[in-house]
Amino acid sequence: FASTAQAESKSIKFVDLPLAQQIIVAHYLSEDYWERIALDIMHCESRGNPKAENWNDAKITGYPSIGLYQFQWRTWQGFAEKYEVLKNATKLTYKQTLPYLYNPIYNAAVAHGMIKDGFTSHWKNCYNKSIKLSQQYLVWR
């Protein structure tokens, strides 16, 4: 089992875990760790629904959080420009930004850039859940 060698090289013991748990460990040890974290965050935020809206956030900001990664439009705009997902994104109005927020490719492109660069505070609760999930099956020496 390939994950055993990977795990041993990272000081992790399998301590007789069932196969299903070994697979989960291998999942989190893979080279695309941040992609896995991104998928966990997406599932936590929207359950994979690109049309998800959180109107509770509108009570605070005046706008709902939208899409796979539940972005506020201004947050999405700033990072879309930073990661060159959409040039001049910060010049768009709220209504002009909506199609990009609902588009899973644009929404995820911004989120994945943020997550890889460590900008995870936007998803503090879901990020922490993902980290706990990734660690609950690992036994550190």
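Here is a yes/no grid of residues against (1) open to solvent by 40 Å² or more (accessible area, probe 1.4 Å); (2) of a type in the set (Lys, Arg); (3) over 12 Å from TYR102 (Cβ atoms):
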residue: LYS59; (1), (2), (3): yes, yes, yes
residue: LEU68; (1), (2), (3): no, no, no
residue: GLN77; (1), (2), (3): no, no, yes
residue: ALA80; (1), (2), (3): no, no, yes
residue: VAL85; (1), (2), (3): no, no, yes
residue: ASN88; (1), (2), (3): yes, no, yes
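Filtered by the rule that a residue be of a type in the set (D, E, K, R) and under 19 Å from the mean Cα position of the chain (by Cα), region 53-77 gives GLU53, ASP57, ARG74. The number of residues in region 53-74 being within 17 Å of CYS126 (Cα to Cα) and not aromatic (Phe, Trp, Tyr) comes to 10.
The values are calculated or read from the model by the stated rules, or taken from the named source; none is laboratory data. Here the structure is a predicted model, which is why all the values come from computation and not from measurement. Backbone-built Cβ (ideal geometry, glycine too); neighbour counts: all protein chains shown. The area values use the complete protein model at the heavy-atom level, side chains included, leaving out ligands, DNA and RNA. Shrake-Rupley method; radii C 1.70, N 1.55, O 1.52, S 1.80 Å.
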